Amino acid sequence: MELLVKKLLLITILFAVNVCFTHRVQAEPVTMVILAPLALEGAKIASPHVITAMQNGGQQLLEIGKDLGNILRLPLGILQATLGAPVGLLGEGVDNIIIGMFAPFQLVGDVLILPFSFFRGGG
């Protein structure tokens, strides 16, 4: 079994090295000279839109991070509701349990919205 795994690993490594280091794309210098001004003009036109898209995507990623943090509120709320009930933490524990229960669904929703957030309008 180990010999088979070693052979498969060796074949995979050899294939990866072959693909990564032997494939070279060559472009003609004349083509590069002709297309360079067009590429720069396209970059000037697209740059404000790209920056806005990255900002919108970053805001959505922050929402995803907030949802990940809210998932941890479920075990915190359980601890507060059980061990902290004698010292008056029952209400906060129940609030954290409710937020922690809905957080995975909010996380899934925000992850599904992430690709679309890169294309939404400004603001």
Query - Estimated D of the range 33-97 in µm² per second, where Rh is the Kirkwood radius over Cα pairs and Stokes-Einstein applies at 25 °C, 0.890 mPa s - result: 159 µm²/s
Query raised in the report: Can you give the calculated 222 nm mean residue ellipticity of the chain, where each DSSP H run of n ≥ 4 adds -39,500 (n - 2.57) and the sum is split over every residue, rounded to the nearest 500 deg cm²/dmol?
Result: -29500 deg cm²/dmol
Query - List Leu107, Leu79, ordered by accessible area with a 1.4 Å probe, largest first - result: Leu79, Leu107
Report task. Would you mind working out the accessible area per residue for the chain, using a 1.4 Å probe, and quoting it in Å²? Result -> 80 Å²
Report task. Could you give the DSSP H helices of the chain that reach 30 angstrom or more along their long axis (alpha carbon positions) and whose average Kyte-Doolittle hydropathy is no lower than -1.0? Result -> 29-71, 90-117
Query raised in the report: Going from most exposed to least, what order do Asp110, Asp67, Asp95 have by accessible area with a 1.4 Å probe?
Result: Asp95, Asp110, Asp67
Requested in this report: Work out the charge dipole of the chain with +1 on the Cβ of Lys and Arg and -1 on the Cβ of Asp and Glu about the Cα centre, then indicate which of His49, Leu14, Leu74 is farthest towards its positive end.
Outcome: Leu14
Requested in this report: Kindly sort Ile45, Ile113 by accessible area of their heavy atoms, largest first, with the probe set to 1.4 Å.
Outcome: Ile45, Ile113
Report task. Express in Å², to the nearest 10, the accessible area of Met32 obtained by rolling a 1.4 Å probe over the protein heavy atoms while all chains stay in place. Result -> 120 Å²
Query raised in the report: Looking at [x] -0.79, -0.86, -1.04, -1.13; [y] -0.33, -0.54, -1.13, -1.28; [z] -0.39, -0.60, -1.18, -1.37, which value of log10 I(q)/I(0) by the Debye sum over Cα atoms at q = 0.11, 0.14, 0.21, 0.23 Å⁻¹ comes from a calculation on the structure shown?
Result: [x]
Query - Solvent accessible area, Å² - Thr31, 1.4 Å probe, full protein context - result: 60 Å²
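The values are calculated or read from the model by the stated rules, or taken from the named source; none is laboratory data. Here the structure is a predicted model, which is why all the values come from computation and not from measurement. When we count neighbours, we look across all protein chains shown, and the Cβ atoms used for this are built from the backbone with ideal geometry, even at glycine. All accessible areas refer to the heavy atoms of the entire protein, side chains included, with ligands and DNA or RNA removed. Shrake-Rupley method; radii C 1.70, N 1.55, O 1.52, S 1.80 Å.
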